[in-house]
Amino acid sequence: KREYRNGMYGVVACMLPRILIEIPYLLLLTLIQWGLVWALAGLNRTFTNFLVGYATSIGVAFISTTLGYFVATLTGNAVIAAAVSPLFILPFFLFGGLYQNDSTTPVYFYPVKYLSWFKYGFGMLLINEFDGQPINCNPNSTTPCVFTSGNEILAYYHISVPDLWFPNFFAIAIMAWGYLAFSILFLWCKVRQRSGKTKEAEHTNGSVLLPSSAKLL
């Protein structure tokens, strides 16, 4: 607030370096997390599958980071932001496709579904893992084979293979930068409002003190 009032630098110049500093940490942490999952869970071993999954993880992680900025600037209080964040994230998580099949989502929850970054990340990971993959069932098993191919799993979740990059990854990128833009906007509004109040208070105090000084003279 003080730097903004004195004209040293603006809100954008304050936010962008902070984000740029966090990007290497975000890339490294996501690489470690996705690398462990990819290696230990027995996912597709091709390098292309690894890169697609890594890109998906980066997108979801970047949205989580910008969402934190968004909630923090919206509330203006760290305690309130920590309390509100789970309530803000939970609806998007429930209608992201993992717990609620896309075809059974009620119409009145469509806005939540289409604004859920979990939906697009979940779809990308399923396409990356199951597209074109056969499922080998045990012929000696007494349990019937529900799915015989990975594409049947995608059809069950109503996920289309051509949606891998558009709209899925495109939507993730748009939402991430959208949250960041709103964060900068809210922070600019708050700083500008507080700076205006400070200038008004200083002007008022100066006006009040001026007659007293004149009397002393």
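The values are calculated or read from the model by the stated rules, or taken from the named source; none is laboratory data. Owing to the predicted nature of the structure, the values given are computational and were not obtained by experimental measurement. A quick note on method: Cβ atoms are made from the backbone with ideal geometry, for glycine too, and the neighbour counts reach across all protein chains shown. Each accessible area value is taken on the protein alone, full model and side chains, heavy atoms only, with ligands, DNA and RNA left out. Shrake-Rupley method; radii C 1.70, N 1.55, O 1.52, S 1.80 Å.
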Legend entry - Among the candidates Gly68, Gly42, Gly96, residue that is out of contact with any strand residue (DSSP E or B) (no Cβ under 6 Å at 6 or more places or on another chain), surrounded by 17 or more Cβ atoms within 10 Å (Cβ to Cβ) and modelled with pLDDT under 90: Gly96
Inset, instruction - Please work out which residue is least open to solvent (accessible area, probe 1.4 Å), limiting yourself to region 8-39 and to residues that are small (Gly, Ala, Ser) and farther than 28 Å from Ile127 by Cβ. - result: Gly10
Inset, instruction - Determine if region 110-124 includes at least one residue that is of a type in the set (D, E, K, R), in contact (Cβ under 8 Å) with a residue 40 or more places away in the chain, on the phi < 0 side of the Ramachandran plot and in a helix (DSSP H, G or I). - result: no
Legend entry - For Tyr114: the one exception among (1) open to solvent by less than 70 Å² (accessible area, probe 1.4 Å); (2) of a type in the set (Phe, Trp, Tyr); (3) farther than 20 Å from Gly53 by Cβ; (4) at pLDDT 90 or above: (1)
Inset, instruction - Give me the pairs, please: first residue somewhere in region 37-61 and under 28 Å from Ile174 (Cα atoms), second residue anywhere and among the aliphatic types (A, V, I, L, M) and assigned to a helix (DSSP H, G or I), beta-carbon distance under 6 Å, and either six or more positions apart or on two chains. - result: Thr56/Met124; Thr56/Leu125; Gly59/Ile172; Ala61/Leu26
